[in-house]
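Enquirer: First, the structure itself, so that you have it in front of you.
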Amino acid sequence: IHEMEKILVQRKSSFAVRMTCNSTSQTIMKFLMEKLELKDEDVYLVEDLIDPSVLMELRNTDEGAKMSFPEWKNFYPADLPQDEPYWDILKQHDVLLHVPYESYDPVIKFISDAADDKDVLAIKMTLYRTGRDSPIISALERAARNGKQVIVLVELKARFDEERNIAWANELENAGVTVIYGLVNLKVHAKILMVMRRESDTIRRYAHLATGNYNPKTARLYSDLSLFTSNYEIVNDATQFFNLVTGYSTLQNMKQLGMAPVTLKTRLLAMIQREIDRSDPEHPGLIMAKMNSLTHQEVIEALYKASQAGVQVMLNIRGICMLVPGVKGLSENIKVVSIVDRYLEHSRIFYFQNSGSPELYLSSADWMSRNLDRRIELMFPVLDRNAFKEVQGILSTYFEDNTNAQYLSENGIWQPVERKKDEKEMRAQEILYKKYRRRAESSAKTPKIDFEVRRKN
């Protein structure tokens, strides 16, 4: 933490690494390059606004309101009660949460209920970016003051959030929380929360695993998936994960969770190879994946190999993609699409057909070198049958978009997906929003049934 504080001080007077500018005065640009000791390759010329974030101020004006999207409410999940803890529900089945279509309140409630529950013994979680005035921080502090063991791994190396995270860490420590300041040389990017609770004659564990940060504010803008579960193998792996990152044990064999930089990449490559081995012309394999960016050379080469073996590869990549699709003899069976809409697509979903026994995973990790080789990340399976069906439907919806989707051509240029004549307009995010709205309306119309138990005297 002291080293990070030094870096934050040095950052104000550190050397420049790049300069972004528009077609301004060449005299001014050359002057800045000379004084900042920048070379031509350090200068990036743009035609648009250098800092588009300033446009956010327009939202509070009358003109900004006219240019804004129509309001989309988020909905409380029908599977979760609003007025009681989730323990009994999670004993029966996993619960999937899809923000911002669904409210982020269940995550806050889950932590808050654990903080106030007299039977909860411990809360353990990772924090990467939490946002200002976070109710999650307040709940963790309250849990520690209530005598529970609270262990939080705060990643200080979250870019440009370092100072805020140091402040949160100090605040948590003052409240009695045990704070772990990340790991040397590895950034902890995994999103996981575990609650240990005394029930009858045993200790039961509950976990929440997510593709996005524990940040209620970005949960209104970023599309992410998370899973509440008490599945024995998953929570057992979660226990091993926390024992490892807090220094209580060495790495143990995890049955369900894939962890970078140890096993996640190896498992991904093995599943791609399995798809190749089980694919034939009559029954071609299928890989579907959604992520922010794809840059990892080994993974890209494995996907090329899969394409050449006849495996159909469908990729939804929002940002950087270094794979080139549609090249004959190399990647002709690979399709890459990107969707940019009102919500930032942030979830990572991986589907492998596995010769009729499909597997589906969610993850905090993109298929990038930094994620798979230089960060602590988690990939977790979707095992619950209903949750599996839900995630599979979400993933398929992104490949049906013909309104806000673009496809990557073999020359590396993104092209808008053209809607065929008389083809129905398909906008993935709108389809998902309407689905959750219908579900919420249907749940509101369903009458609640109160059961009265009568016993003979």
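Every number in this text was worked out from the coordinates using simple rules, so none of it is lab data. Treat the numbers as computed from the prediction; the structure is a model and nothing was measured. Note that each Cβ is placed from the backbone with ideal geometry, even for glycine, and that neighbours are counted across all protein chains shown.
Enquirer: Dipole size in debye (nearest 20) for region 234-309 around its Cα centre, Lys and Arg Cβ +1, Asp and Glu Cβ -1? Could the numbers behind the result be given before it?
Expert: Numbers: 7 positive and 7 negative charges, 45 e Å.
Roughly 220 debye, rounded to the nearest 20.
Enquirer: Per the Kirkwood definition applied to all pairs of different Cα atoms, how many angstroms is the hydrodynamic radius of the chain? Numbers along the way, then the final one.
Expert: Details: mean 1/r = 0.0410 Å⁻¹.
By the Kirkwood definition, the hydrodynamic radius is 24.4 Å.
Enquirer: Apply 1/(1 + (r/R0)^6) to the Cβ-Cβ distance of Lys217 and Gln415, taking R0 = 51 Å, and write down the FRET efficiency to the nearest 0.05.
Expert: Details: r = 34 Å, r/R0 = 0.67.
Efficiency, rounded to the nearest 0.05: 0.90.
Enquirer: Then there's this: For a quick protection proxy, order the peptides 331-339, 86-94 by their average other-Cβ count within 10 Å, most packed first.
Expert: Values: 331-339: 20.8, 86-94: 15.8.
Averaged packing, sorted descending, gives the order 331-339, 86-94.
Enquirer: In nm, what is the difference between 0.36 nm times the number of residues separating Arg385 and Lys305 and their Cα-Cα distance? Spell out each step's value before the answer.
Expert: Numbers: separation 80, 0.36 × 80 = 28.80 nm, distance 3.10 nm.
25.7 nm is the gain from fully extending Arg385 to Lys305.
Enquirer: What does the net charge come to around Lys435 if you take all other residues with beta carbon closer than 12 Å to its beta carbon, with K and R at +1 and D and E at -1? Could you put the intermediate results ahead of the total?
Expert: Working: positive: Lys434, Arg437, Arg438, Arg439; negative: Glu102, Glu390, Glu430, Glu441.
Combined, the nearby Lys, Arg, Asp and Glu give 0.
Enquirer: At 7 Å along Cα-to-Cβ for each site, give me the label-to-label distance between Glu41 and Asn170 in nm.
Expert: Those two pseudo-labels are separated by 4.0 nm.
Enquirer: If I histogram all Cα-Cα distances within region 300-457 using bins 5 Å wide from 0, what percent of pairs lands in each bin?
Expert: The percentages, shortest bin first, are 1, 7, 13, 16, 19, 16, 10, 5, 3, 3, 2, 2, 1, 1, 0, 0, 0.
Enquirer: Scan region 31-135 for GluC sites (Glu not before Pro) in coil per DSSP, keeping those whose Cβ has at most 15 other Cβ atoms within 10 Å, and list them by number. Each step should come with its number before you reach the end.
Expert: Working: sites: Glu34, Glu37, Glu41, Glu47, Glu57, Glu63, Glu71, Glu102; in loops: Glu37, Glu47, Glu71.
Answer in residue order: Glu37, Glu47, Glu71.
Enquirer: Can I ask one more? Under the classification rounded if a/c is under 1.5, otherwise prolate if a/b is larger than b/c and oblate if not, where does region 139-267 fall, given a ≥ b ≥ c as square roots of the Cα gyration tensor eigenvalues?
Expert: On the way: a/c = 1.36, a/b = 1.10, b/c = 1.24.
Rounded shape, in that the Cα axes give a/c under 1.5.
Enquirer: May I ask you to list the chymotrypsin sites (Phe, Trp or Tyr not before Pro) in region 135-207 that are in a DSSP loop and have at most 14 other Cβ atoms within 10 Å of their Cβ? Mind dumping the intermediate values first?
Expert: Numbers: sites: Phe160, Trp168, Tyr181, Tyr206; in loops: Phe160, Tyr181.
Filter output for region 135-207: Phe160.
Enquirer: For the charge dipole of the chain, defined by +1 on Lys and Arg C-beta atoms and -1 on Asp and Glu C-beta atoms about the Cα centroid, which residue among Leu45, Ala144, Leu264 has the Cα displaced farthest towards the positive pole?
Expert: Ala144
Enquirer: Suppose a student asked you for the relative contact order of region 2-52, using Cα pairs under 8 Å spaced at least 6 residues apart; what percent would you report? Write down the numbers at each step before the final one.
Expert: Numbers: 33 pairs, mean separation 23.5, N = 51.
Here the relative contact order equals 46 percent.
Enquirer: In nm, to one decimal, how far is the Leu58 label point from the Glu199 one, both placed 7 Å along Cα→Cβ?
Expert: Reported label-point gap for Leu58 and Glu199 is 5.1 nm.
Enquirer: Let me ask you something else. Could you check what % of the DSSP bridge pairs in the chain are antiparallel, to the nearest 5?
Expert: Numbers: 44 of 73 bridges.
Roughly 60 percent of the DSSP beta bridges within the chain come out antiparallel.
Enquirer: Please go through region 2-83 and write out the chymotrypsin sites (Phe, Trp or Tyr not before Pro) that DSSP classes as loop and that have at most 14 other C-beta atoms within 10 Å.
Expert: Details: sites: Phe15, Phe31, Tyr44, Trp72, Phe75; in loops: Phe15, Trp72.
Sparse-neighbourhood loop chymotrypsin sites (Phe, Trp or Tyr not before Pro): Phe15.
Enquirer: Right, another one. What's the FRET efficiency of Asp51 with Lys6 using the Cβ-Cβ distance as r and R₀ = 25 Å, to the nearest 0.05? Show your work: numbers first, answer last.
Expert: Working: r = 28 Å, r/R0 = 1.11.
After rounding to 0.05, the efficiency reads 0.35.
Enquirer: Give the order of Asp201, Asp237, Asp384, Asp79 when sorted by the count of other beta carbons within 10 angstrom, beginning with the fewest.
Expert: Values: Asp201 5, Asp237 24, Asp384 17, Asp79 20.
Ordered from fewest to most neighbouring Cβ atoms within 10 Å, Asp201, Asp237, Asp384, Asp79 come out as Asp201, Asp384, Asp79, Asp237.
Enquirer: What is region 5-164 by shape, rounded, prolate or oblate, if you read a ≥ b ≥ c off the alpha carbon gyration tensor as root eigenvalues and call it rounded for a/c under 1.5, prolate for a/b larger than b/c, and oblate otherwise? If you can, show how the numbers build up before the last one.
Expert: Numbers: a/c = 3.56, a/b = 1.81, b/c = 1.97.
Since a/c reaches 1.5 but b/c is at least a/b, the shape of region 5-164 is classed as oblate.
Enquirer: For every helix of n ≥ 4 consecutive DSSP H residues, a contribution of -39,500 (n - 2.57) applies; sum these over the chain, divide by its total residues, and give [θ] at 222 nm rounded to the nearest 500 deg cm²/dmol.
Expert: Values: 13 runs with 146 residues, N = 457.
Mean residue ellipticity, 222 nm, calculated: -9500 deg cm²/dmol.
Enquirer: Same structure, new question: Using amide H atoms built in the peptide plane, which far-off residues or other-chain residues are under 5 Å from Val150 H to H?
Expert: Ile123, Thr178
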